[in-house]
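Take a look at the structure below.
Throughout, read-outs are computed from the coordinates displayed, never taken from laboratory work. The structure presented is a predicted model; accordingly, all values stated were derived computationally and were not measured. We place every Cβ from the backbone using ideal geometry, glycine too, and count neighbours over all the protein chains shown.
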Amino acid sequence: MQNSLQIFLKLAANEDRFRMLVLLFQEDLCVCHMSGILKLSQPTVSKNLAKFRDTQFVSTEQRGKYIYYSFHSEDLRVCALLQDVVAHKEAYPQLDRDSKGLVKKDQYLVSCHNKSTQCSKKNV
């Protein structure tokens, strides 16, 4: 049986998933936020979130009409690893750009709403 660090490392081996995990470690986000910040389609984000939920690395919370995802791990090694990455994100240009995108995350809710997409549905 694999431990949570092994499972995390397998998930993080995919660049898109790793970028998502780093963002969720920093802040609770919905699919629209992540899709906009990462420049990924909503189905791609949703598929990856499903993997995180299956491995219990994210939890969800309904806030108004949106489902927000939060990073969750009881494994201190996983948390320490992500904490170190976030503390030194300037050494990782893509992660640094992604983190800077958190400042304007709310603009993606508007564009998501205007496209008649449904962030509020649990489609993962």
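The table for this structure:
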{"read-out": "Gained length - residue 39 relative to residue 59, 0.36 nm times residue gap less alpha-carbon distance", "value": "5.0 nm"}
{"read-out": "Cα-centre dipole for region 4-114 with unit charges at Cβ (Lys and Arg positive, Asp and Glu negative), debye to 20", "value": "340 debye"}
{"read-out": "Of 11, 95, 81, the one that fluctuates the most in a GNM where the chain has Cα springs shorter than 10 Å", "value": "81"}
{"read-out": "Inter-centroid distance (Cα atoms) of region 36-58 relative to region 60-99, Å", "value": "13 Å"}
{"read-out": "Among 66, 92, 108: highest mean-square fluctuation, GNM of the chain, C-alpha pairs under 10 Å", "value": "92"}
{"read-out": "R0 of 30 Å, Cβ-Cβ distance residue 15-residue 70: FRET efficiency to nearest 0.05", "value": "0.90"}
{"read-out": "Residue-averaged [θ]222 nm for the chain, counting only DSSP H segments that reach four residues, each worth -39500 (n - 2.57)", "value": "-17000 deg cm²/dmol"}
{"read-out": "Radius 11 Å from Cβ of residue 71, net charge of other residues (Lys, Arg +1; Asp, Glu -1)", "value": "-2"}
{"read-out": "Distant-in-sequence amide H partners of residue 66 (H built 1.01 Å from N, under 5 Å)", "value": "none"}
{"read-out": "Among 64, 36, 101: highest mean-square fluctuation, GNM of the chain, C-alpha pairs under 10 Å", "value": "64"}
{"read-out": "Cα long-axis angle, helix 15-26 against the chain (0 to 90 degrees, to the nearest 10)", "value": "90 degrees"}
